[in-house]
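Contents: one structure, followed by commentary.
The values are calculated or read from the model by the stated rules, or taken from the named source; none is laboratory data. None of these values were measured; they are calculated from a predicted model. So basically every Cβ, Gly included, is an ideal-geometry build from the backbone, and we count neighbours across all protein chains shown. SASA here: full protein model, heavy atoms, side chains in, ligands and nucleic acids out. Shrake-Rupley method; radii C 1.70, N 1.55, O 1.52, S 1.80 Å.
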Amino acid sequence: MYLIVVGLGGIGKNLVKIATEDKNDVVVIDVDEKRCREIAAKYDVLTIVGDATEKSTLEQAGVSKANALIATTSDDAANLMMALTAKGMGAKKTVAVVNQEEHVEMFKEAGIFMYEN
């Protein structure tokens, strides 16, 4: 599978570990260059330093051919925007971490799979 993981906090790092162990092709997007370097040194992934709410960053990551984009940041608004944009650009599935309970309904209405943190 071709997966795009956005955010290299605890959830994102663990997801990259599991996805690479399962032999998936993984692209990682994070705004922090140091985090990208560290994960690239540890796993066979393509890293992109950038903002995944921008279409150009998602295009660079190959979102149109992605089996899934998983947004794992601590910002629900950014996760929702990334997931909706990726969905509109052709990602087959979008998954997002939802950090605040009051936002769950919004993600459900948008048809985004959720992981409640």
Read through the list (1) outside any helix (DSSP H, G or I); (2) open to solvent by less than 20 Å² (accessible area, probe 1.4 Å); (3) in contact (Cβ under 8 Å) with a residue 60 or more places away in the chain, then give the number of the only condition that ILE70 fails. (2)
Quick one: is VAL104 touching a residue at least 24 places away in the same chain (Cβ under 8 Å) and either in a loop (DSSP other than H, G, I, E, B) or open to solvent by less than 80 Å² (accessible area, probe 1.4 Å) (or both)? no
Candidate set from segment 73-97 (those that are surrounded by fewer than 21 Cβ atoms within 10 Å (Cβ to Cβ) and small (Gly, Ala, Ser)); member that is farthest from GLU54 (Cα to Cα): SER74
Of the numbered conditions (1) in contact (Cβ under 8 Å) with a residue 12 or more places away in the chain; (2) out of contact with any Ser or Thr (no Cβ under 8 Å at 6 or more places or on another chain), GLU54 satisfies every one except a single condition; which is it? (1)
Of the candidates LYS34, LYS23, LYS13, LYS55, the one satisfying the condition of being surrounded by 14 or more Cβ atoms within 10 Å (Cβ to Cβ) and among the basic types (Lys, Arg) is LYS13
